[in-house]
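Enquirer: Provided herewith is a single structure, encoded as structure tokens, for subsequent inquiry.
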Amino acid sequence: QVTFEEYMRHDEINAYLLRLAEEYSEIVTTELIGKSFEGRDLILIKISSGGANKPIIFADAGIHAREWIAPSVALYIIQQLVENPSNTALYQNVDWAIIPVANPDGYEYSHTKERMWRKTRSPGTICYGCDPNRNFGYRWGESGSSTWQCTEIFAGRHAFSEVETVALRDYMLPRADDIKLYVAIHSYGNWVLYPWSYAMLLPDNANQLQEVGEIFNDAVYAVGGGNYTVGNSAQLLGATAGCSDDYVLGGLGVNISYTLELPGGGSAGFDLPATQIQTVVEQVWVGWQAWHQYVEENY
Ligand code: 0X9
Ligand code: ZN
């Protein structure tokens, strides 16, 4: 069963996704898009009323291991879409494709060994792990990433060196024309960030990205979910090359591409107490409904 009273483990999350696909087979399908380095199933869930080439909202979460609230938000979106009958309109004209735990090896490692683990778990010669959010193949290896395997921002030995980033790429690539909104769900800091991230440059549609980002913030703010700062990633946080949002915009040509940084909490920011999951997921969900409305009205 799904719960928002505690952080779920990867096997529980996958079991829930598979159960939804069985129980709601008219609208839910799961797809094994790859295996993690340590062999865990990378399961993507698709929620659709059927038909081909509909606009897709794509979200991944948990690409950074320690950001536990991100998979919770992805799961809440899934649960609301599938199990709340008042939300059926949200998948009539728009398909949803969501991978709630994009880096399960790291996620599990952060549960069992080291709470603040961030990267994947592929071994180097000295240190483990690559920062999957520096590993995407657009302007890979430029500012804000490292060639040194022991840093938290190690970009990998080459772009797409990690099976987890390859799985995301290979799912999105053939569907790029249909993906209308891409969101990488992270924590923390209440940011809605848009490209470019590799350098302090604005994409052609920066105005649209700013506006659509504010649609999310306005909706969440109205229900007491706090204020998100919407803006260009490099301007707000400094340049970071090899991130998924840049690849999706620059490599795939999906115009609306964000990194959503959820609220922080706990002593380190990433360790939001489980007692706050329910509140955060409910507030953020309102923002996603506003995003859905934008996609429905514009595509
Ligand atoms: O460093 C990151 O990957 C992100 N912060 S996090 O605390 N979740 O690790 C910030 C990414 C900023 N860059 C882009 N939006 N691409
Ligand atoms: Zn992150």
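Enquirer: Within the range 183-195, how many residues turn out to be within 9 Å of ligand 1 (Cβ to nearest atom) and surrounded by 24 or more Cβ atoms within 10 Å (Cβ to Cβ)?
Expert: Filtering the range 183-195 down to residues within 9 Å of ligand 1 (Cβ to nearest atom) leaves 184, 186-189, 191, 193-195.
Now narrow it down to the ones that are surrounded by 24 or more Cβ atoms within 10 Å (Cβ to Cβ): 184, 186-187, 193-195.
Final tally of qualifying residues: 6.
Enquirer: Is it the case that the range 126-145 has a residue that's among the β-branched types (Val, Ile, Thr), more than 18 Å from THR240 (Cβ to Cβ), over 18 Å from the mean Cα position of the chain (by Cα) and not in a helix (DSSP H, G or I)? Outline the logic, then answer.
Expert: Kept after step one, since they are among the β-branched types (Val, Ile, Thr), are these residues of the range 126-145: 126.
Next, only the ones that are more than 18 Å from THR240 (Cβ to Cβ) stay: 126.
If we keep only those that are over 18 Å from the mean Cα position of the chain (by Cα) too, we end up with 126.
Those left that are additionally not in a helix (DSSP H, G or I): 126.
Yes; the residues of the range 126-145 include at least one that is among the β-branched types (Val, Ile, Thr), more than 18 Å from THR240 (Cβ to Cβ), over 18 Å from the mean Cα position of the chain (by Cα) and not in a helix (DSSP H, G or I).
Enquirer: Now for a separate question. Pick from the range 247-299 the residues that are touching a strand residue (DSSP E or B) at 6+ places or on another chain (Cβ under 7 Å) and of a type in the set (Phe, Trp, Tyr): which of them is surrounded by the most Cβ atoms within 10 Å (Cβ to Cβ)?
Expert: Among those residues, the one meeting the criterion is TYR258.
Enquirer: Next up: Any idea which of ILE33, ILE63, ILE13 is touching a Phe, Trp or Tyr at 6+ places or on another chain (Cβ under 8 Å) and crowded, with 18+ Cβ neighbours inside 10 Å?
Expert: Of the residues listed, the single one that is touching a Phe, Trp or Tyr at 6+ places or on another chain (Cβ under 8 Å) and crowded, with 18+ Cβ neighbours inside 10 Å is ILE33.
Enquirer: Considering only the range 240-254, state which residues are within 15 Å of the chain's Cα centre (by Cα) and among the polar types (S, T, N, Q).
Expert: SER244
Enquirer: Take ALA199 and decide whether it is more than 15 Å from ligand 1 (Cβ to nearest atom), aliphatic (A, V, I, L, M) and surrounded by fewer than 24 Cβ atoms within 10 Å (Cβ to Cβ).
Expert: So ALA199 does not fit the description; no.
Enquirer: If only one of ALA70, ALA65, ALA59 is within 16 Å of ligand 2 (Cβ to nearest atom) and part of a strand (DSSP E or B), which one is it?
Expert: ALA59
Enquirer: Of the residues ILE77, ILE98, which is closer than 19 Å to THR30 by Cβ, part of a helix (DSSP H, G or I) and among the aliphatic types (A, V, I, L, M)?
Expert: ILE77
Enquirer: Could you list, in sequence order, all residues of the range 136-166 that are surrounded by fewer than 19 Cβ atoms within 10 Å (Cβ to Cβ), touching an Asp or Glu at 6+ places or on another chain (Cβ under 9 Å) and charged (D, E, K, R)?
Expert: GLU152
Enquirer: Regarding the range 13-31, can at least one residue be identified that is on the phi > 0 side of the Ramachandran plot and either in contact (Cβ under 8 Å) with a residue 12 or more places away in the chain or more than 16 Å from the chain's Cα centre (by Cα) (or both)? Can you show your working first?
Expert: Filtering the range 13-31 for residues on the phi > 0 side of the Ramachandran plot gives none.
Checked against the condition, which is being on the phi > 0 side of the Ramachandran plot and either in contact (Cβ under 8 Å) with a residue 12 or more places away in the chain or more than 16 Å from the chain's Cα centre (by Cα) (or both), the range 13-31 yields no hits at all.
Rule-based calculations on the coordinates, nothing more; no lab input. All values reported here derive from a predicted model rather than from experimental measurement. Methodologically, a virtual Cβ is constructed for each residue, glycine included, from the backbone with ideal geometry; neighbour enumeration extends over all protein chains shown.
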